[in-house]
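A quick write-up on the structure given underneath.
The values are calculated or read from the model by the stated rules, or taken from the named source; none is laboratory data. This structure is a prediction, so every number in the text was calculated from the model and none was measured. Note that each Cβ is placed from the backbone with ideal geometry, even for glycine, and that neighbours are counted across all protein chains shown.
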Amino acid sequence: MPTPLNSTVLKKGALITLLAPNYQQIETTIPFQYNPESLSRTITANAAYVEPNRGSRRGKAASQGAPSNEILLLKGAPREEISLSIVIDGIAQLHEGDATVLKEGIYPQLSALELLLYPKSDVIKASNQRTQQGVLEINPIAAPVTLLVWGEKRVLPVRLTSFTINEAYHDDRLNPIRAEVTMGLQILNYSDVPWQEQRAKLFFAHQVSKEQLAQRAYITNVQDITGVNVAGRLR
């Protein structure tokens, strides 16, 4: 007998940062207080079109035996961007007398999210000290490695691309006590990071899982479903 929906424990989404340099250990976990009501995904093909009759010699060689004059070449996994809005609300805790919310509102939760775009302060301090000593810094400071965890089937490396905070209510000390945070996330795949890196492995595992799930959606009785003998027309 199936378990009623109202008796299950709701799992929360979260953002997780990983420790450098191997990215195999969790550094911080930022769970969503309330899961977003919706999650918007935009998927764009990472592809190129080659016209064999007009392309380079390499393009012609790659397209020998092609059935058409234009070939779609998939260069890698598609680009995927996610947009979601999460609500952080401390009003209930405020009424319950929560010591942290009474003193600081929801600053701690907002700070945890904002720090996803900040380099570590000790790294900044050390970098500036080396600069004062005449050491030239060439490489920019790497941002934290972030994962979006959205259920068992989505554990994805992401890059935060946009971040908007709308503080709706404040206490008498002007601490924010309710805010809506809208985030834009770009999923990083094995074309974006080195293949041997943990992020590439996580995305590849996600793709393999997606292929396995897709097998359950495919059908073999095309004619029964569509009423068209497609196989016959392909002969």
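Residues of the stretch 23-49 that are in contact (Cβ under 8 Å) with a residue 40 or more places away in the chain, hydrophobic (A, V, I, L, M, F, W, C) and in a strand (DSSP E or B): I30, L39.
Starting from residues that are of a type outside the set (A, V, I, L, M, F, W, C) and not in a strand (DSSP E or B), keep the ones in the stretch 141-170 and report whichever is surrounded by the most Cβ atoms within 10 Å (Cβ to Cβ). Looking at residues that are of a type outside the set (A, V, I, L, M, F, W, C) and not in a strand (DSSP E or B), I get P144. When A92, A77, A20, A66 are screened for being out of contact with any Leu (no Cβ under 6 Å at 6 or more places or on another chain), assigned to a loop (DSSP other than H, G, I, E, B), hydrophobic (A, V, I, L, M, F, W, C) and modelled with pLDDT of 85 or more, only A77 passes. Among the residues of the stretch 171-209, those identified as among the basic types (K, R) and either outside any helix (DSSP H, G or I) or within 30 Å of L94 (Cβ to Cβ) (or both) are R173, R178. Only a single criterion out of (1) at pLDDT 85 or above; (2) more than 19 Å from T164 (Cα to Cα); (3) small (G, A, S) is not satisfied by S127, namely (1).
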